[in-house]
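Here, each number is a calculation from the coordinates, and none is a lab measurement. All figures in this text were calculated on a predicted structure; none of them were measured in a lab. All Cβ positions, even for glycine, are placed from backbone atoms using ideal geometry, and neighbour counts span all protein chains on display.
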Amino acid sequence: MRWYSRIAAAMCVALLQACATPPAITPTPPAAVAETREPVTILISIDGFRPDYLRRGVTPNLNRLVAEGLTGPMRPSFPTKTFPNHWTIVTGMVPDHTGLVGNKMEDAARPGEIFTMAETDPFWWNATPPIWVDAERAGIRTGTLFWPGSEVAFGGTATKSGHAKVEGGVRPQDWLAFNDAISETQRVNTLLDWLRRPAAIRPRLLTLYFDRVDVIGHESGPDSAEVAEAAATIDRQIGALRDGLAALRQPANLVIVSDHGMGPTSSERVVTLDLPAGSYHVLETGPYATVVPTPGQEAVVERQLLAPHPHMQCWRKQDIPSRFRYGSNPRVAPILCLAEMGWLILEKAPTKPSTGGAHGYDNQAPEMLALFIAAGPAFRHGTVPAFDNVDVYPLLRTLLGLPPRTGIDGTDAPFRPWLAPR
Ligand SMILES: [Zn+2]
């Protein structure tokens, strides 16, 4: 019995059977005419997902997208770290040109400050706009369910250096501050809720970010059963997203990427810097080290580091080989030391044994290759030859119907043969 019939029946009793006939039932309104939705673009990052994880028999949903859509080996940019590569993917510029030259860095214009991954002061990010800023400026609504840099008011100015209060700038109309306590299911459900909205306030470009595979890859290494389990977990979320989109009858062009791969590490494969105390400081250590000599100590540091070392090579920033496309930005540290695959550069030898995984190595190493899968009405099925991750941004512009942007490092040319006619 419907709630209004129950109330009517109760009223009849209250009126001592005054109602002789049952109340008329309100007719059900005719079914709403199904809305025809235009495709949306969803950019998904599975942090640290190495493409060969697709061959471990645990990713049926991702493999189905490969079978239907476009895939290919995507080279990350140097350094093969999370923030530089996520920002490159959404800007089409290599880290040397975006200014996101590391997960940790310094800038002479901000003496005493160090950029870390919690930094939202636009000063560090303002060199080149990300795709959601281009879209918003073109009247395309965007929603970001996490992406490095999506919390930044791009183009704005912090009212106090290093603090969150910002004047001006553009953010996605829907965005959330990164919080890894927000479960993967919540992330997918929130994205689907955004798409459930009326058309006028529904995003047309969305991002989604999963960190689990990277976290487990660091802890357990890329060849571990734990990584396969993490890949399976995220694969189920991709399946849930796909089912949710189907239920909404929402066509979508999915562009699924990772920022870098993962190499196996061990406490038995460590190079120590062995520099005199006080002669330097480091910004990052691990697969590479960025070393800043103390003023007046340059010769001491260079003599030690620039000499040949097994499992490590160091360069002055101006001498870094051109294939890395790295070293011209003022934020790049004066000396870069790069480890051989699987080795780590540390200040001191580790005190206890450990194994795990890391990234940051040569961006042309097979272990650093990144994931790329694109599927949806815009894509034909195929395999694109190896390309650089700077090419994803121009592809996203094409998917959104934005004109090509000149003066960037990437091009959508690798994908053009596989784009379906509009
Ligand atoms: Zn990462």
- Query: Across 5 Å bins from 0, what is the distribution of all Cα-Cα pair distances for region 91-217, in whole percents?
  - Reply: 2, 10, 18, 21, 20, 16, 10, 3, 1, 0
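To the nearest 0.05, what FRET efficiency results for ASP243 and LYS348 with a Förster distance of 60 Å applied to their C-beta separation?
Details: r = 50 Å, r/R0 = 0.83.
For R0 = 60 Å, the calculated efficiency reads 0.75.
What net charge is computed for the residues neighbouring THR144, neighbours being all others with C-beta under 9 Å from the C-beta of THR144, Lys and Arg scored +1, Asp and Glu -1? Present the calculation step by step, with values, prior to reporting the outcome.
Numbers: positive: ARG171; negative: GLU151, ASP174.
Charge balance near THR144 sits at -1.
Work the Kirkwood hydrodynamic radius out for region 164-258: mean of 1/r over every pair of different alpha-carbon atoms, inverted, in Å.
Details: mean 1/r = 0.0652 Å⁻¹.
Hydrodynamic radius (Kirkwood, Cα only) of region 164-258 equals 15.3 Å.
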- Task: Compare PRO73, PRO394, PRO276 in a GNM of the chain, Cα atoms joined below 10 Å, and give the one with the largest fluctuation.
- Result: PRO276
- Task: Please report, to one decimal in angstroms, the Kirkwood hydrodynamic radius of region 285-422 built from all distinct Cα-Cα pairs.
- Result: 18.3
- Message: Quick check: residue separation of ASP107 and GLN297 times 0.36 nm, minus the Cα distance between them. What number comes out in nm?
- Response: 66.4 nm
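Determine, from the Cβ-Cβ distance of ALA413 and ARG55 and an R0 of 30 Å, the FRET efficiency 1/(1 + (r/R0)^6), rounded to the nearest 0.05. All intermediate terms of the calculation are to be shown ahead of the outcome.
Values: r = 28 Å, r/R0 = 0.94.
For R0 = 30 Å, the calculated efficiency reads 0.60.
Can you give the charge dipole size of the chain about its Cα centre, rounded to the nearest 20 debye, using +1 on the beta carbon of Lys and Arg and -1 on the beta carbon of Asp and Glu? Don't skip to the answer; put the middle values down first.
Working: 39 positive and 42 negative charges, 312 e Å.
Roughly 1500 debye for the chain.
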- Note on the structure: So the angle from the long Cα axis of helix 184-196 to the longest Cα principal axis of the chain, reported in degrees to the nearest 10, equals 50
- Task: Calculate how large, on average over all directions, the projected area of the Cα convex hull of region 130-185 is; give the answer in nm² to one decimal.
- Result: 4.5
- Residue separation times 0.36 nm, minus the C-alpha to C-alpha distance between THR157 and SER183: what's the value? 6.2 nm
- Projected-area mean, the chain, by convex hull of Cα positions, square nanometres: 27.7
- Task: Would you please give the residues with an amide H less than 5 Å from that of VAL384, counting only those at least 5 places away or on a separate chain, with H modeled from the backbone geometry?
- Result: THR71, GLY72
- Looking only at SER322, SER267, SER258, which one moves most when the chain is put into a Gaussian network model with springs between Cα atoms under 10 Å? SER322
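If each DSSP helix of 4+ residues adds -39,500 (n - 2.57) and the sum is divided by the residues in the chain, what number results at 222 nm, nearest 500 deg cm²/dmol? Walk me through the numbers on the way to the answer.
On the way: 10 runs with 105 residues, N = 422.
Rounded to the nearest 500, the figure is -7500 deg cm²/dmol.
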- Cα gyration tensor of region 374-420 diagonalised, 5x eigenvalues square-rooted, in angstrom largest first, produces semi-axes 17, 13, 7
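I want the local charge near GLY48. Using Cβ-Cβ distances under 10 Å, sum +1 for each Lys or Arg and -1 for each Asp or Glu among the other residues.
-2
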- Query: LYS81: which lysines have alpha carbons under 26 Å from its alpha carbon, excluding same-chain residues fewer than 8 sequence positions away?
  - Reply: LYS104, LYS317, LYS348, LYS352
- Item | Spatially proximal aspartates and glutamates relative to LYS160 (Cα-Cα < 18 Å; intrachain offsets below 8 disregarded) | GLU106, ASP107, GLU113, GLU119, ASP121, GLU151
- Message: Can you tell me, using C-alpha contacts under 8 Å and at least 6 residues apart, the relative contact order of the chain as a whole percent?
- Response: 27
